[in-house]
Structures are given as C-alpha cells and as structure tokens.
1. Could you identify the single residue in Thr103, Thr107 that is within 29 Å of Thr68 (Cα to Cα), surrounded by fewer than 14 Cβ atoms within 10 Å (Cβ to Cβ) and of a type in the set (Val, Ile, Thr)?
2. For segment 52-65, give me each residue that is open to solvent by less than 20 Å² (accessible area, probe 1.4 Å) and either more than 14 Å from Gln176 (Cα to Cα) or in contact with a helix residue (DSSP H, G or I) (Cβ under 6 Å, 6 or more places away or on another chain) (or both).
3. Working only within segment 143-172, note down all residues that are in a loop (DSSP other than H, G, I, E, B) and either touching a residue at least 60 places away in the same chain (Cβ under 8 Å) or under 14 Å from the mean Cα position of the chain (by Cα) (or both).
4. Scan segment 82-99 for residues that are touching a Lys or Arg at 6+ places or on another chain (Cβ under 6 Å) and surrounded by fewer than 17 Cβ atoms within 10 Å (Cβ to Cβ) and report the count.
5. Any residue at all in segment 117-124 that is of a type in the set (Val, Ile, Thr) and open to solvent by 20 Å² or more (accessible area, probe 1.4 Å)?
Amino acid sequence: MFLLSLLIPLALGQEATSDPLAQVMKAQAQTYSMTRPSPGIHFSPRAAAAYAVVSGCVPAVMTGRPATEFFQTAASRRGVDEDGRYTVSVQVHLKEEANGACTVTSTAGEPAQLREAVLSALDDLGAVRTTAADTGAYSLDSIGSFRQELHCLTLNDQALFLVLSTSAARNRPKLQASLGRDVEGSCPRRSDS
C-alpha cells in the first residue's frame, strides 16, 4: 500500500516532497530520461558514438537498468542483434556486458575524432576525468595502429572507468569504448568534482 501511495503521485506528475525515496526516484527519472537521437547519427559515426555513450551507456551504468530504456536505436534494424548488443547506427553498436559495463563499438570513422567525440561528450556531462594509462597516439602492435587508454572518471560522485581503444587498422573496429563502475577501486579517486 505504501508503494502504491508513492507511485501514484509520481505517475500523475505530482511531487511527494515529504518522502525521500520519492524525491530520489523523481530526480533520477529526470536525470536519465529517454533521449531521442538526432537524425545526423545516421551519417556520422562520431555523433552516433557520442550519443550511444551519453544516452545509452552512462545512464545504464549509473542506474543498473537496461540501456534501451534511455536511448533509441536509429538504424532501420531495431532491437537486439545478439545477446545485449544493439544497433545504434549502421556503423555503431552498443553492447551491455555481463559485468554491468557497457561497450560502444564503431566500425567506421576517423579514430582520433571518435575518441575526441566520446571524451568531449563525457566532459560535457561534468565527468571529472584522469588518464591512468595511455599507450599513445602512434602506438602499434602486431596488427597495426592500436591506441589503448584507461580513464578514471567521477560522475555524480560515482567512480567509473572508461577503457578506450582506437585503431586505424582495416581489420579492427575504429573505436571501442567500455564504461563501467569502478567497484574494485582500481582508479585513483579525485575529490575536486
């Protein structure tokens, strides 16, 4: 009965100001609401990757809820491609990992521009970011160019990690960005947020 009295005012758009749980539920619903994509993501892997991270991965990781509650796929194929993998645009996919992390992969675009789009989008959300590891812009491995970075983030007082891989090699994705909660405390935490 208590839960019903809590949910009815929320459903009607009324504020239950005396109940802290109701206040938190309403605040999170406003913070992480469904975001419709710009039509430009059909043509821009950069825009699609930034949209997938900000509107799919960030709210999914922060709330623990499925990413599809927060973003819409823009490709003609809708829904899940395979276990937890969604088509965001023809060249960009989002995958919810079993460990609670979320990975965005782009098969097209300029790697440096994709990297910058993802990092800028997170910065625009107010994430405080520290680079914990970076192989560098001109890194190579046995297949070709391959840059891998670990960024430690604080967003809304939550410790997160971002593993960012970019490559210009033909047989690799141009971008893989995996965002997750830093539950192990592996990243140094910054308090100047």
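The values are calculated or read from the model by the stated rules, or taken from the named source; none is laboratory data. Bear in mind that the values here come from a model prediction, so they are computed numbers and not experimental data. All Cβ positions, even for glycine, are placed from backbone atoms using ideal geometry, and neighbour counts span all protein chains on display. Heads up: the accessible areas ignore ligands, DNA and RNA and are worked out on the full protein's heavy atoms, side chains in. Shrake-Rupley method; radii C 1.70, N 1.55, O 1.52, S 1.80 Å.
1. Thr107
2. Across segment 52-65, the qualifying residues are Val53, Ser55, Gly56, Val58, Pro59, Ala60, Val61.
3. If the condition is that a residue be in a loop (DSSP other than H, G, I, E, B) and either touching a residue at least 60 places away in the same chain (Cβ under 8 Å) or under 14 Å from the mean Cα position of the chain (by Cα) (or both), then Asn156 is the only one that fits.
4. Adding up the residues that qualify gives 2.
5. no
Here is a yes/no grid of residues against (1) part of a helix (DSSP H, G or I); (2) touching a strand residue (DSSP E or B) at 6+ places or on another chain (Cβ under 6 Å); (3) at pLDDT 95 or above:
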{"position": "Arg46", "(1), (2), (3)": "yes, no, no"}
{"position": "Ala50", "(1), (2), (3)": "yes, no, no"}
{"position": "Val54", "(1), (2), (3)": "yes, no, no"}
{"position": "Ala60", "(1), (2), (3)": "yes, yes, no"}
{"position": "Thr73", "(1), (2), (3)": "no, yes, no"}
{"position": "Ser76", "(1), (2), (3)": "no, no, no"}
{"position": "Lys95", "(1), (2), (3)": "no, yes, no"}
{"position": "Asn99", "(1), (2), (3)": "no, no, no"}
{"position": "Gln113", "(1), (2), (3)": "yes, no, yes"}
